[in-house]
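Quick notes on the structure that follows.
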Amino acid sequence: MGWALCCVHPDDLPSIRKAWHAAVAHPENTVAVEYRHKHKDGGWVYSEAVAQSFFHDPAINGMLATVRDTTARKVAEESLQHQGALLEAMVRNIPFDFWARDTNEKIIIQSEQSVKLWGNLRVEPETEATIPSKTLESWQNNNAQVFEGNIVSYDCALITKDGECSEYHSIVAPIRDRDEILGIMRVNLDITEERQVQEDLRESEERLQLVMEGSQLGYWDWDIKEGEVRRNKRWAEMLGYTQKEIEDSVKQWTDLHHPDDREAAWESIDNHLQGKSPAHRMEYRMLAKDGQYKWILDQASVTKRDVDGTPLRMSGTHTDITQYKQKELEREKLQSQLAQAQKQKANMFCLP
C-alpha cells in the first residue's frame, strides 16, 4: 500500500485514504474511487479503482481491487466541460437579450443583457412572475407556436421588469436535435433607436414635402447606382402631367429636353459628378404635355458618395421660370429693336 500511495497524486491521497477506511469499515460493500497516479513516463494517468475488503476472511486477509484506466474518458469530460464553459461565457457576453428554455419552459441559459432586462430567470425563475403581464402574454403565445416547430419573427413593444417600454425585433426558434425539439431560444434586438430615426426621417420628409408644395418647387432624387429617379407631384404638374404618368427613369427626363438643350444639360450634370463644379445649375427647355416648351431652372448636387468618393445619389429642384424667360426674351427683343432704331436714327443724320 505504501508503494502504491507514493505514486498517487498528492491532491488525491485524501480520497484514497477515505475509500480505504470505508471499505474496511463496511466489508459487505464495494467502494469506488477515482484518482491520478504517476506513469513511468512522468505523466499522470486517471484511474478508477473498485475495491472490497476481505480482511475478515482468513483465507484472503486483504483488499481486492480492480483498476481501470479512465484517462480517455476524463479528457473527454474535461473537454466537454471546457466547451460548456466556453458556450456559457459566449452566451453571457452576447450584447443583446438572449435566452433559451428547455421543454418545461425553464430558462437554461441567459445573456447578461437579458438578466438586466428581466432578472436572472435561470437562478430565480420565480422572478418571471414579476414581469409585466403584457410582456409575459407575448412570450407565452409565441413560445407555444415555436414548440410546435415554427420560427416566429416579429416587432413588438416589451415592458421590462423596471417598467421601461422599448421596441424590439424578436426571433424565437426551436432548438432541434434532428426531428426532436429539445427547447426554444429567443433573441430580442432593441430597435427603439432605429424606430426613432425612422420616425424622425418620416417627419423630416413630411416637412420637406410641405416646403416643396408651399414653394411650388419640383423635387427629384436620383439613385445613380440603380438608375431610378423619384419625383414629387409638383415636378410632374409643372409640365402638365400627373405623377403616375411620369416614369422613375433618367430617360424620362432626357426625352423631355429640348433637342438644343439636351447635351448642355447632361454636360452640366456630368461636370458636377466628376467634381468639376460645386453644383449643377442650368436653365433649359422641357416639353410639356400640351406640346409647348417650358423653361425650367434645374439646381442639384450630389447628396451621397461611397467611401471612394463615387457619387451614389443626387438630388435637386425644378423651378418653372417660363414667365420670367418670356419677359426676359421680350425685354431682349425690345432692347434689340431700340438698338436698331437708334442705329437707323444715327444713319439718318449721317446722310450727305
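Say whether the condition of being in a loop (DSSP other than H, G, I, E, B), open to solvent by 30 Å² or more (accessible area, probe 1.4 Å) and not polar (S, T, N, Q) is met by at least one residue in the stretch 266-273.
Looking for residues that are in a loop (DSSP other than H, G, I, E, B), open to solvent by 30 Å² or more (accessible area, probe 1.4 Å) and not polar (S, T, N, Q), one finds none in the stretch 266-273, hence no.
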- Message: If I ask for residues that are β-branched (Val, Ile, Thr) and either over 22 Å from residue 195 (Cβ atoms) or touching a Cys at 6+ places or on another chain (Cβ under 8 Å) (or both), which ones from the stretch 132-166 would you list?
- Response: 146, 151, 159
- Query: Is it the case that the stretch 14-21 has a residue that's of a type outside the set (A, V, I, L, M), in a strand (DSSP E or B) and either in contact (Cβ under 8 Å) with a residue 12 or more places away in the chain or open to solvent by 80 Å² or more (accessible area, probe 1.4 Å) (or both)?
  - Reply: no
- Some residue of the stretch 252-266 being within 36 Å of the chain's Cα centre (by Cα) and charged (D, E, K, R): no
- Would you be able to tell me the number of residues in the stretch 75-109 that are assigned to a helix (DSSP H, G or I), under 28 Å from the mean Cα position of the chain (by Cα) and hydrophobic (A, V, I, L, M, F, W, C)? 6
- Query: How many residues are assigned to a strand (DSSP E or B) and surrounded by 16 or more Cβ atoms within 10 Å (Cβ to Cβ) when one looks only at the stretch 159-168?
  - Reply: 4
- Has the stretch 147-157 got any residue that is under 17 Å from residue 97 (Cα atoms), among the polar types (S, T, N, Q), part of a strand (DSSP E or B) and open to solvent by 30 Å² or more (accessible area, probe 1.4 Å)? yes
- How many residues are open to solvent by 30 Å² or more (accessible area, probe 1.4 Å) and not in a loop (DSSP other than H, G, I, E, B) when one looks only at the stretch 234-249? 5
- Taking the stretch 283-323, which residues are among the hydrophobic types (A, V, I, L, M, F, W, C), assigned to a strand (DSSP E or B), touching an Asp or Glu at 6+ places or on another chain (Cβ under 7 Å) and open to solvent by less than 40 Å² (accessible area, probe 1.4 Å)? 296, 297
- Quick one: in the stretch 74-119, which of the residues that are open to solvent by 80 Å² or more (accessible area, probe 1.4 Å) and in contact (Cβ under 8 Å) with a residue 60 or more places away in the chain is nearest to residue 130 (Cα to Cα)? 108
- Task: Sort through 49, 72 and tell me the only one that's assigned to a helix (DSSP H, G or I), small (Gly, Ala, Ser) and modelled with pLDDT of 85 or more.
- Result: 72
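The values are calculated or read from the model by the stated rules, or taken from the named source; none is laboratory data. Everything numeric here is computed off the predicted structure, so don't read it as measured data. Note that each Cβ is placed from the backbone with ideal geometry, even for glycine, and that neighbours are counted across all protein chains shown. Remember, those area values only see protein heavy atoms, side chains included, never the ligands or the DNA or RNA. Shrake-Rupley method; radii C 1.70, N 1.55, O 1.52, S 1.80 Å.
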